[in-house]
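What follows is a set of notes on a single structure, which appears directly below.
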Amino acid sequence: MSWQKVARTALLFAFLVALHFTVRPLLSWRSQPDFLIVAILLAAVRVRPGVAALLGFGTGLLADALAPATFGVTAFALSVIGFTASWLKAVFFSDNVALHAFFFFVGKWAFDVLFILLERQRTFLEMAAQVALWSPLSAAQTALVGLVVLMLFRGMLEANQT
Amino acid sequence: MARPARASSRVDAALLVACTLLALLAIVLPTPTRDAIAGVLQRTFAAPVFALQLRSERARTALAEREQVAARVDSLALRVVQLGQLEAENLRLRQLLALGHRVQRGFVPAEGLHGQGIGESHALLLTVGAKAGVVPRSAVVAPQGVVGLVTSVGNTTSQAILWSHPDFRVSAMSADGATFGIVTPHLSGNDEACRGAGEAACAGPERMLLEMRGVAFRDPLKPGTLIASSGLGGVFPRGILIGTVIGELKTTEQWSRTYLLRPSVRPQDVSNVMVLSPVLVTDNLAGMWDTAGAGAAVVARVVAAGDSLARRATADSAARQRVIDSTAAARLAADSVAAAAGVAPRDTTRVAPGVRRDTARRP
């Protein structure tokens, strides 16, 4: 990947991170799109799995800094999601809109499952409701946002796939 | 080619393991340590996103509170309006108190209720009746002057007609007592005098004005002259304010004049009144009515009287406290003297010895 494309991807990544910390507090919905997941997944498929894991860890630490009660949980989940996304993209996926949407959906859902399991702050029923109801909703919203971002920044994101 | 690929896979795996281990370590850290690290991160590389999130939270809170603030402002505005009404009522009651203070005897305070039915627009229901000493043909007054006349009396309520009633009449005179006439409601509008006096003087329905008839031709009245009851006729005592001359009315009468008056009391403003007893009919009540600001001094005196009562109550309370304190100090001194002399102080709280007779038990 050329340095211009690296710079563009980094810019889009920063933009999505900023959106995450700006739009979500404004919306304050029960289920919300996760801009961090979109940012990580978009970046992860363009770098090596190890770098994606590092990127996920750093971004997760950023999010954890603002939620000390679950410190480390987001970092762990995003590291795993980033690594897996990068590895899976290299193995399976091609550039397909529907597959990308599915990719975002599964990524967000997996993140939520990991997060809920590690945070250890809910009862079993609450965990079940979150995983079975709210997380899919949030994942669907995240997939939608991911697709919109892909559509809007298609030219910017045309990059050499790893 | 296979060896470098395997090596980079190992590096990737190592990075993943390192990241996950660090994250797990962060999860199991003691809470104070985690909070400290989070605080450091918030102040350093997470500071920009922290500021973003803070600003968004504030914006959302402001949006959420906007309706509440609007509702609060609305309710405050409503309360301010109600306070205005309360102040007006308070002023009316104080003026009535001041009038009572001036008249001193021979009156019954009452509440005047306006009827809403047809034909009740010129009548007033009073909340006092025969039990309070009200008799028919008693004068009804407000602090500003004449309101009307009691026509019928029940046990606890009375019916009065307002000065705007077609049957209302009162014998009147100019404030200096030089000119006399009969005051009646002004039942016909579009008079020359009204037009001559200007639009401001006759603004609104002319029906709500009075006219003074039968004034001797030789006694012209200037606009602005105060008109009061003359005391003739045995109903209204002398000196009750009725209104102010606006101008002369052109009539067919050749040997007398008719004047248009602006009444001193507006019927729609009447809510608390006084019913004057017939014993006052022979009295002169001149100078007791609220012309422009005349009653303010008396109202101030009433308020000051209330304040002085409060001051006296405070002084009494302080004096009582001083007595209690001095008694306690004397008792303490006596106890200490007794203790110094080796005598145990008397236990004043102990119940006196002996069994009380059980008065409740049956023999």
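List of remarks:
- For the peptide A:6-16, the mean number of other protein chain Cβ atoms found within 10 angstrom of a residue's Cβ is 0.
- Peptide B:10-17 shows a mean partner chain C-beta count of 6 within 10 Å per residue C-beta.
- Neighbouring Cβ atoms from other chains, within 10 Å of the Cβ of residues in B:47-60, number 5 on average.
- B:GLN268 paired with B:VAL73, simple spin-label distance in nm, labels 7 Å along Cα-to-beta-carbon: 3.0 nm
- ³J(HN,Hα), Karplus 6.51/-1.76/1.60, whole Hz, each residue of the stretch A:111-116, x for Gly, Pro: 4, 4, 4, 4, 4, 5
- Degrees, to the nearest 10: A:3-27 long Cα axis against longest axis of chain A: 30 degrees
- Sites A:LEU27 and B:GLN116, calculated FRET efficiency, Cβ-Cβ separation with R0 51 Å, nearest 0.05: 0.40
- Sorting the segments B:157-164, B:141-148 by their mean number of nearby beta carbons within 10 angstrom, highest to lowest, gives B:141-148, B:157-164.
- At 0.692 mPa s and 37 °C, Stokes D of the stretch B:110-290 from Kirkwood alpha-carbon radius, µm² per second: 200 µm²/s
- Structure-based [θ]222 nm, chain A - -39500 (n - 2.57) summed over DSSP H runs of at least 4, per residue, nearest 500: -24500 deg cm²/dmol
- Contact order normalised by residue count of chain A, Cα under 8 Å, 6+ apart, percent: 30 percent
- Phi angles of the stretch A:69-80 translate, via the Karplus equation with coefficients 6.51, -1.76, 1.60 and θ = phi - 60°, into HN-Hα couplings of 5, 10, 4, x, 5, 5, 4, 4, 5, 5, 4, 5 Hz per residue; Gly and Pro are given as x.
- Burial ranking of peptide ranges B:243-250, B:69-76, B:11-18, A:59-66 (average Cβ count within 10 Å, highest at the top): A:59-66, B:243-250, B:11-18, B:69-76
- Computed lengthening from B:VAL80 to B:GLN104, 0.36 nm per intervening residue step minus Cα-Cα distance: 5.1 nm
- Cut-off under 5 Å, modelled amide H: who pairs with B:ALA216 long-range: B:PHE180, B:ARG257
- Gyration tensor (alpha-carbon) shape descriptor, the stretch B:20-171, a/c threshold 1.5: prolate
- Candidates A:ALA98, A:ALA75, A:ALA143: whichever shows maximal mean-square fluctuation once chain A is modelled as a Gaussian network with Cα springs under 10 Å: A:ALA98
- The angle between the Cα long axis of helix A:135-152 and the main principal axis of chain A comes to about 20°, on a 0 to 90 degree scale.
Coordinate-derived values only; no laboratory data. As the structure is a computational prediction, the values presented were derived from the model and not from experiment. Cβ: placed from backbone, ideal geometry, glycine included. Neighbour counts: every protein chain shown.
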